[in-house]
Amino acid sequence: MKYFIVTYGCQMNVHESEKIAGILEKLGYTQADTRETADIIVFNTCAIREGAEDRVFGNVGNLKKLKKNNKDLIIAVCGCMTQKEQTAQKLMNTFPFIDIVIGTFNLPKLGYYIEAVKKGRQLELFDEGEIDETLPYKRTSGDNAWVNIMQGCNNFCTYCIVPYVRGREKSRKEENILKEIKEIVAEGKYKKITLLGQNVNSYGKDLNPQITFAKLLRDICLIEGNFTLSFMTSHPKDLTDDVIQTIAEEDKIEKFIHLPAQSGNNRILKLMNRSYTREKYLDIIKKIREKMPNCRITSDFIVGFPTETEEEFNDTCDLVKQVGYDSIFAFKYSPREGTVASKMEDQIPEEVKGERVNKLLALEKKLQKENKK
């Protein structure tokens, strides 16, 4: 029996596909080279932008012929996109040949659904539960090992669907994280360990007793072994002086911070519910530069947010110039059903969003060329 996994979205999804592979191999499956040779095909989906969902619908539709030629082929769709009930139902109605549609919180039970599929189609969208520490992994990212330290998000940025499909913040117990990392180091195959979370800086706030992200970083660095430690993603409002100091002092921690700004204009930041100002963001950048002059800093930006004027977009361009990022990721605002921003008036026309994102990326390219000189 062979499996084939198609992954969309962020590093969290890549790591969850490693969990899916681990579950399937425990059931006796091995990895297929192509979809055509697989006995089960799993789509691990993303809901962060509309384009990601469109690609899933297009690619799932292309499996109809495979299913027709192989009645025993199991097709499963899981992840963030299918945690939304309306989208999950649409998938089932549009593609009656799909066998399993499960949400983010059902992933640990994938093996159960595979065994149950013989009894009929499966659609399950449970509410969030506790973090499952028993899932196996098949690590697939070369000499980098992903380690999830928390799940969910409490920030409710007005453009973001994540809190609705990933749930509220839940931190793993520190002893479980340290145990996993010690096992990774003992294998001797991994040179880099990357901690994952929607907002790693808020790690430990929900634990009793509480533990800070800075302490977790220092405790990981006490583990003997030759490895580099990094993490993503950071929310500016929670990037404390203690975390910056820890990164600066610990030799094992990579001098790299991905710090999404999203906008350089205070009015837009407030509409986004980002909980910081342009000035606060620049103050954090200043502290990082003072402690680590050579620290690499990258960022995310959303252009064309509802009501954004040309002048406010230019504030974002100015922020990019002022910070001098090593690289940025720029995206057109994509309305996500169920979020506050999707209901805002004065949505920006698609062609304007396209012009702005191209302008921002061209600016980044120009600045990088100047920096290289």
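The values are calculated or read from the model by the stated rules, or taken from the named source; none is laboratory data. None of these values were measured; they are calculated from a predicted model. When we count neighbours, we look across all protein chains shown, and the Cβ atoms used for this are built from the backbone with ideal geometry, even at glycine. Surface areas here come from the heavy atoms of the whole protein model, side chains and all, with no ligands, DNA or RNA. Shrake-Rupley method; radii C 1.70, N 1.55, O 1.52, S 1.80 Å.
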Notebook entry, point to check: Within the set of pairs 6 or more residues apart or between chains, which connect a residue that is more than 17 Å from residue 164 (Cα to Cα) and free of Cβ contacts under 8 Å to residues at least 40 places away in the same chain inside region 35-53 to a residue that is open to solvent by 10 Å² or more (accessible area, probe 1.4 Å) and of a type in the set (Phe, Trp, Tyr) with Cβ atoms less than 6 Å apart?
Noted result: 35/4; 38/4; 41/4
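Out of all the residues in region 146-161, which are assigned to a strand (DSSP E or B), more than 23 Å from residue 339 (Cα to Cα) and not polar (S, T, N, Q)? Steps first, answer last, please.
Taking region 146-161 and keeping what is assigned to a strand (DSSP E or B), we get 146-148, 150-151.
Pick out the ones that are also more than 23 Å from residue 339 (Cα to Cα) and you get 146-148.
146, 147, listed by residue number.
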Margin query: For region 317-326, give me the residue count where each residue is in a helix (DSSP H, G or I) and touching an Asp or Glu at 6+ places or on another chain (Cβ under 8 Å).
Written below: 1
Checklist line | Residue in region 41-62 that is nearest to residue 81 (Cα to Cα), counting only those that are of a type in the set (A, V, I, L, M) and in a loop (DSSP other than H, G, I, E, B) | finding: 47
Next item on the list: Please find, within region 67-85, the residue that is modelled with the lowest pLDDT out of those that are in a helix (DSSP H, G or I) and open to solvent by 10 Å² or more (accessible area, probe 1.4 Å).
Entry: 85
Next item on the list: Would you check which residues across region 219-236 are of a type outside the set (S, T, N, Q), at pLDDT 95 or above, under 24 Å from residue 152 (Cβ atoms) and not in a loop (DSSP other than H, G, I, E, B) and list them?
Entry: 219, 220, 229, 231, 236
Notebook entry, point to check: Within region 294-346, how many residues turn out to be more than 18 Å from the chain's Cα centre (by Cα), at pLDDT below 95 and open to solvent by less than 10 Å² (accessible area, probe 1.4 Å)?
Noted result: 0
Next item on the list: Working only within region 259-316, note down all residues that are part of a loop (DSSP other than H, G, I, E, B) and out of contact with any helix residue (DSSP H, G or I) (no Cβ under 8 Å at 6 or more places or on another chain).
Entry: 273, 293, 294, 309
Item checked: Selection from region 17-39 of residues that are in a helix (DSSP H, G or I), more than 15 Å from residue 76 (Cα to Cα) and of a type in the set (Gly, Ala, Ser) -> 22
Next item on the list: Determine if region 41-48 includes at least one residue that is closer than 24 Å to residue 233 by Cα, at pLDDT below 90 and either open to solvent by less than 10 Å² (accessible area, probe 1.4 Å) or in contact with a His (Cβ under 8 Å, 6 or more places away or on another chain) (or both).
Entry: yes
Check: Are there any pairs with C-beta distances below 7 angstrom linking a residue in region 352-373 that is within 16 Å of residue 297 (Cβ to Cβ) to a residue that is of a type in the set (D, E, K, R) and assigned to a helix (DSSP H, G or I), with the two at least 6 apart or on different chains, and if so which?
Finding: 367/321
Notebook entry, point to check: Out of (1) small (Gly, Ala, Ser); (2) outside any strand (DSSP E or B); (3) within 19 Å of residue 330 (Cβ to Cβ), what's the single condition that is false for residue 248?
Noted result: (3)
